[in-house]
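Below is one structure; the comments refer to it alone.
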Amino acid sequence: MLRMSLNPLLTCCLLTVLLTSCAKEQPAAGNASENSSETIGDVKPLVNRVLTQEEQAQLTPEQVLTLLKEGNQRFVAGTLTARDHSKLVREAALGQYPKAVILSCLDSRIPVEDVFDRGIGDIFVARVAGNFENTDILGSMEFACKVSGSKLVFVLGHESCGAIRGAIDGVELGNITAMLANIKPAVEHFKDYEGEQTGQNPEFVKMVTKQNVLATIDRIRTNSPILKEMEQQGDIKIVGGIYNMDTGTVTMLEE
């Protein structure tokens, strides 16, 4: 009888210890969730919901750029924000108010939303091999900023770009020929370069990649009076950066 009465007692004690341990571990998980969210003024953390029009209006171009930089740091560190995608899909169906529009290369190794730790409804993404602008891209950017209220235009180039190498080496194939012609000005910018001017020269490819981003930014301002005026008025900012294929780090370019 004594043995039978002790077993329930021991069981009760063990359950108490286990429950106490679980309760102590829960705050740590909560803190991790808070650290992975972002807050702007009185805006609530954006983890399980999309940005509202009012919150978008409160943002400045500088704040948006800072958020993208911080997001890239989390991407590199492997601490991307946990998001309830099912809930975000439902909320985004009611409208979209993205912070920025990013022009990226077609390269499949650059998951733009993840690179900046952005969720559904956070950013517009335009992609074309070589991350250059054309009429369609400019129209999309104007829609993003003038119509939808985005505060930042970001031209994102990357290392080891096949389109850059193709333009350097004069590749000709179907519609690729005309596409690469958009990158040629960046190649010709270094016509007096004394080193090897081929796609096999990493230094030359890096130089052309950077120049292509800067030239694209210049043409955006030249060919889109709408975006140029918005930037002059401080409503938006137009910037560029280069994605490191080895580390995932985005390095901002100084104009």
Top-ranked residue of the stretch 198-239 - restricted to ones that are among the polar types (S, T, N, Q) and surrounded by fewer than 17 Cβ atoms within 10 Å (Cβ to Cβ), ranked as farthest from residue 159 (Cα to Cα): 233
Total residues in the stretch 103-116, condition in a loop (DSSP other than H, G, I, E, B) and free of Cβ contacts under 8 Å to residues at least 24 places away in the same chain: 2
Test for residue 188: is it surrounded by fewer than 17 Cβ atoms within 10 Å (Cβ to Cβ) and modelled with pLDDT under 95: no
Residue check for residue 119: farther than 16 Å from residue 249 by Cα, in a loop (DSSP other than H, G, I, E, B), under 11 Å from the mean Cα position of the chain (by Cα) and not acidic (Asp, Glu): yes
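Just checking, which of 196, 203, 133, 188 is in contact with a Lys or Arg (Cβ under 7 Å, 6 or more places away or on another chain) and among the acidic types (Asp, Glu)?
Working: 196 fails: in contact with a Lys or Arg (Cβ under 7 Å, 6 or more places away or on another chain); 203 fails: in contact with a Lys or Arg (Cβ under 7 Å, 6 or more places away or on another chain); 188 fails: in contact with a Lys or Arg (Cβ under 7 Å, 6 or more places away or on another chain).
The match here is 133.
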Flag if residue 155 is among the hydrophobic types (A, V, I, L, M, F, W, C) and over 24 Å from the mean Cα position of the chain (by Cα): no
Number of positions in the stretch 48-102 that are in contact (Cβ under 8 Å) with a residue 60 or more places away in the chain and either outside the structural domain of residue 240 (by TED's automatic domain parsing) or part of a loop (DSSP other than H, G, I, E, B) (or both): 4
Count - residues of the stretch 79-130 that are closer than 20 Å to residue 213 by Cβ, polar (S, T, N, Q) and surrounded by fewer than 20 Cβ atoms within 10 Å (Cβ to Cβ): 1
Residue 166 being loosely packed, with under 14 Cβ neighbours inside 10 Å, farther than 18 Å from residue 103 by Cα and out of contact with any His (no Cβ under 6 Å at 6 or more places or on another chain): no
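The values are calculated or read from the model by the stated rules, or taken from the named source; none is laboratory data. For clarity, every value in this text was computed on a predicted model and none was experimentally measured. Cβ coordinates were reconstructed from backbone atoms using ideal geometry, including for glycine residues, and neighbour counts include every protein chain displayed.
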